Amino acid sequence: MATEVGTILSDYSYVWGRAMCSLFETFNHSSEGTLIVDRQARVVWINEKYAAHFGFSDPKTAIGLDCEAVIPNSLMREVVETGKPILLDILETEHEPFIVTRLPLKDDSGTTIGAIGFALFGKLKALTPFFSQYSRLHAELVGTRDALTPRRPRYGLSDFVGTSPASMEVKRLARRAAQVDFPVLLLGETGTGKELIAHSIHGASARTCKPFVAVNIAAIPDSLLEVELFGAAAGAYTGADRKGRVGKFELASDGTLFLDEIGDMPLPLQSKLLRVLQEKEFEPLGSNRVVASNARIIAATSVALAELVAAHRFRADLYYRLNVLTIRTPPLRKRAHDIAALSDMILDELAANHHIGRPELSEDALQLLREHAWPGNVRELRNTLERAVLFADRQCIDANMLAAFVNDIDATVAEPEFFRKQGEACDLVINETSYENALRMFEKRFLSAALRSEDGCVSKAAARIGIGRATFYKKMTALGI
Ligand SMILES: Nc1ncnc2c1ncn2[C@@H]1O[C@H](COP(=O)(O)OP(=O)(O)OP(=O)(O)O)[C@@H](O)[C@H]1O
């Protein structure tokens, strides 16, 4: 029997003929319909099922008619005229759409003598799970690509402006940190460039082509932090996203994870972080899956971590693990020498971003900037210059013009003094600004003063005035502190 089949299948033209027949029989039998047209696109053959679908109870009554008279929207004429197949298409019909394929019919010399069409599939709804699965996977792919795109480092070391000895030391240590693969601890007040340095270290390191992922721990409520960092299995928590979530540790794998305001990390999570640093793996919330993470940690804080350790609010073993390579970003008031270069850089950027002529600062304006305390450091300097540039209608900004923008943050927290100090300025505010602006100004002064009173430490400043640190951060961003 096997030899018989083998003999038959060795006959080349027989096999070809059989294949053609089987192909036609299978399509004709299993599909929703078959149609054959001649060189003029007139129907020469149609099966019963397909004819019935278009209202011809007897298929013979459709023979000889133009294909479009039988099947509105038919493209069989195009196939006959071009001799080219339309392998996959959707044919809209009065009842339901069909997935169709249309092939030219050729004679032995290769001349197109007609066309044959099959309606392969009619129940498009049955394909919905397939399409939604495809769409979901596609959306996930796009989302992941988007999520990874901005994770490239935004800054390089040359973006860290400053030639004061303190700034040069920061750059030297950052270069050193880029050459090794240990954790880095960045210490410094808010706005002193810790994130900029973290980006630069990553950008100059061997991990530069891998993701850079930043998390501001102080800005995320404690209850969401574990999921944010370590991810969660589907249905593991009752948040809006029940589908499960990939955590930042996994996203940063092989790259760099920048943990800003590490001092705000709750103690239970500190243990989990320590374990990742030691064992290079972790379990997402509610999952038995062990995820490997080789992310390099760069942590930053504006609080004195050693004090938190002494107060048992930060694990000593984690502190020692993180404190391998420490870089201190100095406050702006301690490197007044850098203010001219920083202001130059900021004014260049402002001119380019706002499409205005490059503003200049007079010498007395620069002196004013050098004498200011800058509780919000470089971020605050940028914001002050931006407002001065946008409000001043002259190319050269002098100390007089600048004073209005610098002074409005020159307040202390002591209440009676605050009001007494503002006594003369009050009229000025009422004359020149709206109620809303005045409130903003007050809020900005108040938060800046709180920050300054706590040496630029956001957590302490927030605690001192009785608001959450996440709220404090939001307000800082909104008010440009
Ligand atoms: N030395 C510097 N040269 C140029 N730009 C700087 C410098 N230091 C800070 N900046 C700029 O100041 C702004 C704040 O810097 P960055 O976010 O890095 O500070 P940070 O210390 O991480 O602040 P926070 O603790 O509030 O997160 C950014 O726009 C940054 O580019």
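The values are calculated or read from the model by the stated rules, or taken from the named source; none is laboratory data. Quick caveat: nothing in here was measured; it's all calculated off a predicted structure. Backbone-built Cβ (ideal geometry, glycine too); neighbour counts: all protein chains shown. The area values use the complete protein model at the heavy-atom level, side chains included, leaving out ligands, DNA and RNA. Shrake-Rupley method; radii C 1.70, N 1.55, O 1.52, S 1.80 Å.
In this structure, the residue pairs whose Cα-Cα separation is over 22 Å, taken from Lys84/Lys123; Lys194/Lys460; Lys171/Lys474; Lys171/Lys194; Lys171/Lys272; Lys194/Lys474, are Lys84/Lys123; Lys171/Lys474; Lys171/Lys272. Note: segment 1-119, Cα convex hull, 121 Å³ per residue.
What FRET efficiency comes out for the pair Tyr435/Ala478, r = Cβ-Cβ distance, R0 = 25 Å, nearest 0.05?
0.90
Heavy-atom accessible surface of Arg464, to the nearest 10 Å², is about 130 Å², with a 1.4 Å probe and all protein chains retained. Straight-distance candidates among the aspartates and glutamates for linking to Lys334, with alpha-carbon spacing under 20 Å and chain neighbours fewer than 8 residues away dropped: Asp159, Glu169, Glu189, Glu195, Asp344, Glu363, Asp364, Glu371, Glu380, Asp410, Glu454, Asp455.
Accessible area, 1.4 Å probe, largest first: how do Tyr50, Tyr12 sort? Don't skip to the answer; put the middle values down first.
Values: Tyr50 10, Tyr12 190 Å².
So, going from the largest accessible area down, we get Tyr12, Tyr50.
Largest first, the residues Leu259, Leu65 sort by 1.4 Å accessible area into Leu65, Leu259.
Remark: C-alpha extents of segment 241-304 on the principal axes read 37, 24, 21 Å, sorted largest to smallest. Heavy-atom accessible area, probed at 1.4 angstrom with all protein chains present, ranks Tyr473, Tyr14 as Tyr14, Tyr473, highest first. By a 1.4 Å probe calculation restricted to protein chains, Trp374 has an accessible surface near 0 Å², given to the nearest 10. For segment 67-128, the direction-averaged projected area of the alpha-carbon convex hull comes to 4.4 nm². With the largest listed first and rounded to whole Å, the semi-axes of the equivalent ellipsoid of segment 153-328 from the Cα gyration tensor are 28, 18, 14.
7 Å from Cα along Cα→Cβ at both Asn28 and Ser287: what's the point-to-point distance in nm? With each label point 7 Å from Cα toward Cβ, the separation is 5.4 nm. For Ala351 and Ala304, a Förster radius of 41 Å and the Cβ-Cβ distance give a FRET efficiency of 0.60, rounded to the nearest 0.05.
Can you give the net charge of the other residues whose Cβ lies under 14 Å from the Cβ of Ile63, counting K and R as +1 and D and E as -1? Here the charged neighbours net out to -2. For Glu78, the solvent-accessible surface with a 1.4 Å probe is about 90 Å², rounded to the nearest 10. When Rg and the Kirkwood Rh are both derived from Cα coordinates, the Rg/Rh ratio for segment 342-412 amounts to 0.93.
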